[in-house]
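**Q** This structure is in structure tokens; I'll ask about it shortly.
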Amino acid sequence: MKNKYVLILLCFVSAFTYAQWQERGGTFDLAHLERHQFKLNLLSPGFTYELGIFKNQSISTNLGLATATYEEGYVLGLAMNNRYRYYHNFDRRERLDKNTSGNSGNYIAAAQAIFFSQLRVATDVEGPDDFNLGFYGMVYGIQRTYEKGFNFNVEVGAGYYRGDGVPNGYGPLINFTFGWVATKRKKKDPYLD
């Protein structure tokens, strides 16, 4: 529980510190980042919502089918994934004349995932039948959105799995989604001041 609060505190401190020098003329500069993006995930049924909050920074939440694998075993079922993303290569992609619409870029993110016991499909973790599992860590991700709205997102990372009624442990996180962005996207050539 202590790790969760430290992660949340670090996210808020970095966000507000960064925002102090990003604010221009009463609005935030989101030249490359979408303000709102809603995506329907097709391979692992679910949906994703991403909110642009500052230049190159967004928060996102995803609800869908996922797998957790750590020292104690695996869990397959419905999970809620939350991310605080920092996109680090928008300027470089623009210089190379590559697409940045639909938040097409590479990012580093603080990650949290909650696997719900009520909607679990399978597990080999020993313990009571009714347990929840949380993941807290960091991931590196690549997201691309294409002209027709199709989107893929790949994340690789590691962190701490905290069990509610089962043992805790460390393990990797690998996430892949393929879907369609249902919201309108910015043009390939973003508006710059």
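The values are calculated or read from the model by the stated rules, or taken from the named source; none is laboratory data. Note that the structure is a prediction, hence the values are computed from the model and not measured. Heads up, the Cβs are rebuilt from the backbone with ideal geometry, glycines too, and the neighbour counts pull from every protein chain shown. Accessible surface areas use protein heavy atoms only, side chains included; no ligands, DNA or RNA. Shrake-Rupley method; radii C 1.70, N 1.55, O 1.52, S 1.80 Å.
**Q** Can you go through 143, 112 and tell me which one is modelled with pLDDT of 95 or more, out of contact with any Pro (no Cβ under 7 Å at 6 or more places or on another chain) and under 17 Å from residue 70 (Cβ atoms)?
**A** 112
**Q** Restricting to the range 122-152, what's the tally of residues that are of a type in the set (Phe, Trp, Tyr) and in contact (Cβ under 8 Å) with a residue 60 or more places away in the chain?
**A** 2
**Q** Report, by residue number, each residue of the range 96-114 that is touching a residue at least 40 places away in the same chain (Cβ under 8 Å) and open to solvent by 10 Å² or more (accessible area, probe 1.4 Å).
**A** 99, 101, 110, 112
**Q** Take the range 137-152 and flag every residue that is over 30 Å from residue 184 (Cβ atoms) and open to solvent by less than 40 Å² (accessible area, probe 1.4 Å).
**A** 137
**Q** Taking the range 153-193, which residues are farther than 18 Å from residue 67 by Cβ, modelled with pLDDT of 90 or more and crowded, with 16+ Cβ neighbours inside 10 Å?
**A** 181
**Q** Can you tell me which residues in the range 88-97 are under 23 Å from residue 156 (Cα atoms) and assigned to a loop (DSSP other than H, G, I, E, B)?
**A** Those that are under 23 Å from residue 156 (Cα atoms) and assigned to a loop (DSSP other than H, G, I, E, B): 88, 89.
**Q** In addition: Scan the range 39-73 for residues that are without any contact (Cβ under 8 Å) to a residue 40 or more places away in the chain, over 19 Å from residue 178 (Cα atoms) and open to solvent by 50 Å² or more (accessible area, probe 1.4 Å) and jot them down.
**A** If the condition is that a residue be without any contact (Cβ under 8 Å) to a residue 40 or more places away in the chain, over 19 Å from residue 178 (Cα atoms) and open to solvent by 50 Å² or more (accessible area, probe 1.4 Å), then 55 is the only one that fits.
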